[in-house]
1. Can you name every residue in segment B:19-46 that is within 13 Å of chain A (Cβ to nearest Cβ), of a type in the set (Phe, Trp, Tyr) and surrounded by 15 or more Cβ atoms within 10 Å (Cβ to Cβ)?
2. Could we say that B:SER54 is at pLDDT below 90 and over 30 Å from A:PRO9 (Cα atoms) here?
3. Just to check your reading of the model, which residue among B:SER15, B:SER73 is within 15 Å of B:LEU115 (Cα to Cα) and surrounded by fewer than 16 Cβ atoms within 10 Å (Cβ to Cβ)?
4. List pairs: first in segment A:75-102 and free of Cβ contacts under 8 Å to residues at least 40 places away in the same chain, second of a type in the set (A, V, I, L, M), Cβ under 8 Å, 6+ apart or cross-chain?
5. Report, by residue number, each residue of segment A:1-14 that is crowded, with 18+ Cβ neighbours inside 10 Å and within 11 Å of another protein chain (Cβ to nearest Cβ).
6. Kindly indicate the residue of segment B:71-107 that is at pLDDT 90 or above and within 10 Å of chain A (Cβ to nearest Cβ) and also farthest from the chain's Cα centre (by Cα) among those meeting that condition.
7. Can you find a residue that is under 26 Å from B:THR113 (Cβ atoms), surrounded by 13 or more Cβ atoms within 10 Å (Cβ to Cβ) and within 12 Å of chain B (Cβ to nearest Cβ) anywhere in segment A:69-86?
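The values are calculated or read from the model by the stated rules, or taken from the named source; none is laboratory data. Just so we're clear, the structure is a prediction, and the values are computed from it rather than from any experiment. All Cβ positions, glycine included, derive from the backbone under ideal geometry; neighbour counts span all protein chains shown.
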Amino acid sequence: DQQVKQNSPSLSVQEGRISILNCDYTNSMFDYFLWYKKYPAEGPTFLISISSIKDKNEDGRFTVFLNKSAKHLSLHIVPSQPGDSAVYFCAAKAGKSTFGDGTTLTVKP
Amino acid sequence: GAVVSQHPSRVICKSGTSVKIECRSLDFQATTMFWYRQFPKKSLMLMATSNEGSKATYEQGVEKDKFLINHASLTLSTLTVTSAHPEDSSFYICSARDRTATSTDTQYFGPGTRLTVL
């Protein structure tokens, strides 16, 4: 049973528009959520995180929203840039981190 | 930023041989390192947590005798895939937690090692 799901394997957006990446989880014990970005042949890089006591965290162009009642979080990137093209993983922690399968974002110039 | 290296980046071996993968934290000390396995188009699956100077903690379903982990120093952890078989072919990624970081949630990932067993 996959506890962290990213139901969209891919997403394509135009440069300058908003990218919205979604993540759903099932374990109510998760208390911390993270987003990672991964380029081909590289390891994931930490992007942004949010504690379960918050519903929003913003860092520059990146904002993460958490809806605990829906067990859903999303990453908003605005404006999107071609360099944002990568695989994005969400992860949820209850002690250890559990990762989603990733969403491949393509930002077209 | 913190850098984690892995060596080798790619390895091809014959079935039945053993392969060692190194994970190093280059500019920080890591009391805890993690080993993940990633299947194509799938998430990172935590295999084990390695603490310096103690035995690794393996996740359910991971064979500890097959995937030997050694964390002998604060900057080095090794994963040895023993008697490798084609089904062990995968992308192995390590991550390290900086012992001085105020947040215990930050992990720095290595670039990964692509293992192909013929």
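1. Selection gives B:PHE34, B:TRP35, B:TYR36.
2. Taking the combined requirement at face value, the residue satisfies it.
3. One residue alone meets the criteria, B:SER15.
4. A:GLY83/A:VAL107; A:SER85/A:LEU105; A:SER85/A:VAL107; A:LYS96/B:LEU46
5. A:VAL4, A:GLN6
6. So the residue we want is B:PHE91.
7. no
Yes/no matrix, rows are residues, columns are (1) hydrophobic (A, V, I, L, M, F, W, C); (2) at pLDDT 95 or above; (3) on the phi > 0 side of the Ramachandran plot:
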site: A:LEU11; (1), (2), (3): yes, yes, no
site: A:TYR25; (1), (2), (3): no, yes, no
site: A:TYR32; (1), (2), (3): no, no, no
site: A:ILE48; (1), (2), (3): yes, no, no
site: A:THR63; (1), (2), (3): no, yes, no
